[in-house]
RNA sequence: CGGGGUAUAGCGCAGCCUGGUAGCGCGUCUGCUUUGGGAGCAGAAGGUCGCAGGUUCAAAUCCUGCUGCCCCGACCA
């Protein structure tokens with residue numbers, strides 16, 4: 001992609017409303033545009049990152065055995081009256097009327113709707129287990145949206161719903177999603193720690209929040225320091241192994257870890273002082289088991305081997321892709337800008353032409369650009385007529401993992417400079433070597 | 001929802017107290033010179049001063065109401 005043909009409205013100065021680093025950087029890097037309190041447009045650069053985040057989420061959901069569908073954003077109030085939540089949910093739910101004065105709502109979550117879909121088709125234990133998910137926009141009319149995408153009112157959520165014939169089955173479904181979450185966040189470069197959590201309005205009695213440690217996190221958290229060194233299961237982990245899944249979950253829940261709501265100061269105090277980690281964190285996901293809370297009132301019943309119909313056991317599992325963008329930035333940034341992990345970077349490579357209009361640098365950049373494009377490597381070619389310093393600043397700000405600096409100085413020796421944004425390291429190599437290094 | 005702020009050019013701000021031609025920096029546009037860490041010179045464009053009332057000869061400025069947005073707290077993927 002040529003920058004001259006792209007839409008990258010970067011800001012040199014920080015908009016005054018942005019308090020935390022991620023919000024500031026997302027605005028400055030031209031990733032998002034606020035349209036109302038807690039409501040944002042994703043600009044091209046932001047959308048690229050969101051797409052990469054969603055791709056990872058999808059791959060790991062699918063790997064764990066979940067099946068994707070897509071439910072609407074607008075729901076009928078009647079569905080929510082069945083579960084009793086139409087009254088219970090309160091002002092966070094955006095309620096609207098259609099032209100026939102029917103009560104509708106913009107979905108804050110989808111337990112009711114997925115239960116309705118499930119009960120319409122599934123009757124037998126033979127069709128279980130089942131885990132259905134979608135990635136869809138949600139609206140929660142937060143009293144106080146803040147920190148940009150971190151706490152918006154409209155946000156993208158991956159929500160999965162598991163259906164099992166009994167508690168043991170539901171437990172395995174919970175464990176699989178638990179492991180999928182560990183892998184999902186790890187692939188984005190994030191170290192997430194599962195913590196015992198409140199269940200809130202979703203209900204149920206078993207729940208973990210996946211927390212990414214960051215100084216600007218909204219949650220106060222307490223955990224055992226050893227979690228920082230735990231190894232995340234590999235791609236070859238067997239999601240069908242009941243014992244295997246349980247063992248992983250047991251390991252990841254064996255040490256103390258809790259958010260402030262569930263914090264047990266006495267238990268925490270029993271840890272060796274050097275193992276106590278008291279920090280702030282960002283909640284990037286949450287898993288719940290809530291049994292028959294929705295299936296019983298909504299009559300989502302399945303017949304067991306004995307022919308008796310019973311309410312299906314359910315769990316729900318959320319990840320906030322739009323929140324992951326700021327969460328990743330909070331962890332990976334410096335004074336100059338964002339430092340994207342490769343897996344979620346909007347572009348993998350930035351080519352900086354340090355003397356635009358000079359025939360040798362122009363030609364070298366064109367060759368690099370087409371070679372990388374031919375290999376399908378996401379490349380942003382900074383071909384604007386700007387001075388080198390300005391291009392460096394832009395590239396650092398938007399955080400592209402690799403920069404190829406093409407200037408007359410290096411070209412005189414047949415070299416370009418390959419710079420790693422993550423640690424600032426750089427080396428002089430031939431264009432061919434640079435391409436080889438980048439897999440092209 | 002309680003408390004506190006704020007609204008002037010795309011962004012950051014001054015002007016308001018003490019009413020009288022709307023300003024600065026950055027960015028944008030044109031030209032020339034420049035080109036390895038946000039260039040220099042010269043010129044130019046760009047604002048119903050959030051909205052609605054009121055006071056006044058005259059309102060960005062004073063008064064009233066409304067709205068948007070931000071921050072702190074209580075609540076949340």
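None of the figures in this text is laboratory data; all of them are computed from the coordinates on show. Since we're looking at a predicted model, the values are computed, not measured. Because the Cβ atoms are built from the backbone with ideal geometry, glycine has one as well, and the counts that use them run over all protein chains shown.
Structure summary
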read-out	value
Over the range A:14-73, relative contact order from alpha-carbon pairs under 8 Å, at least 6 apart, %	18
Ellipticity estimate at 222 nm from DSSP helix runs (n ≥ 4, -39,500 (n - 2.57)) divided over chain A, nearest 500	-9500 deg cm²/dmol
Calculated FRET value between residue A:422 and residue A:274, using beta carbons and R₀ = 30 Å, to 0.05	0.55
Folded to 0 to 90 degrees: helix A:167-187 orientation relative to chain A principal axis, Cα	10
Whether the range A:1-90 is rounded, prolate or oblate, judged on the alpha carbon gyration tensor where a/c under 1.5 counts as rounded	oblate
Paramagnetic reach from residue A:35 in the range A:144-188 [backbone N under 20 Å; point 7 Å along Cα→Cβ]	A:144-158
Within a Gaussian network of chain A (alpha carbon springs, distance under 10 Å), most fluctuating of A:236, A:385, A:396	A:236
From the C-alpha gyration tensor of chain A, square roots of 5λ in Å	44, 25, 22
Taking the range A:65-155 and dividing mean pair separation by its residue count, relative contact order in percent (alpha carbons under 8 Å, at least six apart)	36
Bridge type composition, the range A:154-312 - antiparallel percent by DSSP, nearest 5	95
Global geometry of the range A:381-440, whether rounded, prolate or oblate, following the gyration tensor of its Cα atoms and the 1.5 cut on a/c	oblate
Set of the range A:298-323 residues, backbone N closer than 13 Å to the point 7 Å along the Cα-Cβ line of residue A:126	A:303-307
Selected from A:305, A:129, A:44 as most flexible by GNM, with chain A as the system and alpha-carbon contacts under 10 Å	A:305
Mean Cβ neighbour count within 10 Å, used as a protection proxy, ranking A:32-40, A:4-12, A:108-116 highest first	A:108-116, A:32-40, A:4-12
Gain in span if fully extended, residue A:433 to residue A:303, counting 0.36 nm per residue against the direct Cα distance	40.5 nm
Label point distance in nm, residue A:13-residue A:393, each placed 7 Å from Cα along Cα→Cβ	1.3
Top of A:271, A:149, A:405 by mean-square fluctuation, Gaussian network on chain A, Cα under 10 Å	A:271
Overall form of the range A:351-401 per C-alpha gyration tensor (a/c, 1.5; a/b vs b/c)	oblate
Over the range A:206-364, relative contact order from alpha-carbon pairs under 8 Å, at least 6 apart, %	26
